[in-house]
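Data first, discussion second: the structure below is written as structure tokens.
The values are calculated or read from the model by the stated rules, or taken from the named source; none is laboratory data. Worth saying up front: this structure is predicted, and the values here are computed from it rather than measured. With ideal geometry, Cβ positions are generated from the backbone for all residues, glycine too; neighbour counts draw on all protein chains shown.
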Amino acid sequence: MTSVLAPDPAAQLRNSLGWVATCDVDALEPAGQADLLRSVAQAEAMLAALRSRVLVSAERSRAAAATGAASTGQWAARLSNTDQATAHRQVLLAKGLERRTATQAALAAGEIQPEHAAVIVQADRQLPSSVTAEQRVQVEQTLVEKAHHLPPSQLRKAARRSLAAIEDDLALVDAHENELVRDREELARSKVRLTLHDNEDGTVTGHFTVPVMQGDLLRKILQSMTAPRRARLGASRAQLGEAETLRDPAQAQGHAFCELLEHLPTDHLHSRTAATLVVTVGLDTLKGALKVAHLDTNESISAGEARRLACTSGLVPAVLGGSSVPLDLGRESRLFSEAQRTALGLTYSTCAADGCERPFAWCELHHEVPWGEGGRTDLSRAIPLCHFHHQRIHDPAYGHAHRPGGGVRFHQRT
């Protein structure tokens, strides 16, 4: 009697991937390259799901102990030649997926990425202890559906309000989200560090860790100092200055940082800063409601932090429900006002171009109908675009279409 050997999954996987890896990608048309890239991303997700199953099985069989490894993560790190911290995160994700069947199935089908799965697992762990098992399944399914069309960064923000899938009381949803953001802020404050090292060659090397809000403020200051545009359209050469020679962006920011340090007052901290963060906060939040506030850099802060910062110099509270400011300027002004920019930030969090994640704070305001062609400088006609997409929308080699939701999609003219 002839025995039939079971197929070797590892050998089959290597053979399949080896064949695909030899394909001539340069021979593909752009559409074929796009299709292949989507398939590669799908395959990576499917392989990540398979890796999670292997890690969970290895944990049950105590495979690490059989080889002298201290943990499954250490065992996996040795076999895959990766860092133990990376392998440890993979083991944690594998354990988290073990009882979250909807997420596991979506990952195994290549419908979501491992980063999506990690967000969903973390969101489930952060739900209140009073949430039942059935409700957790409902929350998980809602997040999986969102993961199909949201990138991980946006899903992470949506996950903070995952309680809305099972809770009709928005005040409770707001309070839960605020608690998560507040916990993140407390953790961030515990990680704050600054180290300086004298290199003994005329330079000092430093490393710092600060909360995201202060990091965004520093970034905006440095970017405002290094931005190539120093004057409004039509300014004279004397006002604008000569075009700077292109240099390393990191070096440019380094010089800006030096300039910033040189201009810091020595006797006290001035009440003004070189950049402004716009905080969108409801009047009820300022009065004590537990609800997060949003920065124009696409980050969120807790209600307590928003109340602390509401009167701080360099921060403009955009209080909903306050007195109005004229936002439609018609043909009287070519440039959009700061009030219009602040108001538009309540609608947009990023560049309006499809797929662009540049924060609204980095964007320039574009007239939907060019001002030179009779367009009005009205809030409803303003479109925030990052520098790259603002250049592209004026490039005759590209066409664009305005989408119903306010986005802009570009296409190359043939």
Problem set entry | Those residues of the range 378-406 which are assigned to a loop (DSSP other than H, G, I, E, B) and within 24 Å of LYS220 (Cβ to Cβ), in sequence order | CYS386, GLY406
For this session: Might you check whether a residue that is part of a helix (DSSP H, G or I) and loosely packed, with under 11 Cβ neighbours inside 10 Å occurs anywhere in the range 46-60?
Result: yes
For this session: Would you be able to say whether some residue in the range 147-156 is small (Gly, Ala, Ser), without any contact (Cβ under 8 Å) to a residue 60 or more places away in the chain, touching a His at 6+ places or on another chain (Cβ under 9 Å) and part of a helix (DSSP H, G or I)?
Result: yes
Problem set entry | Verdict on LEU365 being assigned to a loop (DSSP other than H, G, I, E, B) and of a type in the set (A, V, I, L, M) | no
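Scanning for something assigned by TED's automatic domain parsing to the domain that holds LEU93 and under 23 Å from GLN113 (Cα atoms), does the range 9-16 turn up at least one residue?
Pass one, the range 9-16, residues assigned by TED's automatic domain parsing to the domain that holds LEU93: none.
No, that holds for no residue.
Within the range 161-209, take every residue that is assigned to a strand (DSSP E or B) and polar (S, T, N, Q) and give me the one that is nearest to ILE120 (Cα to Cα). If you could, list the steps in order and put the result at the bottom.
Of the residues in the range 161-209, the ones assigned to a strand (DSSP E or B) are 193-198, 204-209.
Okay, now just the ones that are also polar (S, T, N, Q), so 195, 205, 209.
Numbers: THR195: 35, THR205: 38, THR209: 27 Å.
It comes out as THR209.
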Seminar exercise, completed: Selection from the range 55-88 of residues in contact with a Phe, Trp or Tyr (Cβ under 7 Å, 6 or more places away or on another chain), more than 18 Å from ALA10 (Cβ to Cβ) and of a type in the set (Val, Ile, Thr) yields none
Problem set entry | Condition broken by GLN122, with the remaining ones in (1) under 27 Å from VAL292 (Cβ atoms); (2) within 22 Å of the chain's Cα centre (by Cα); (3) buried (at least 16 other Cβ atoms within 10 Å of the Cβ) satisfied | (3)
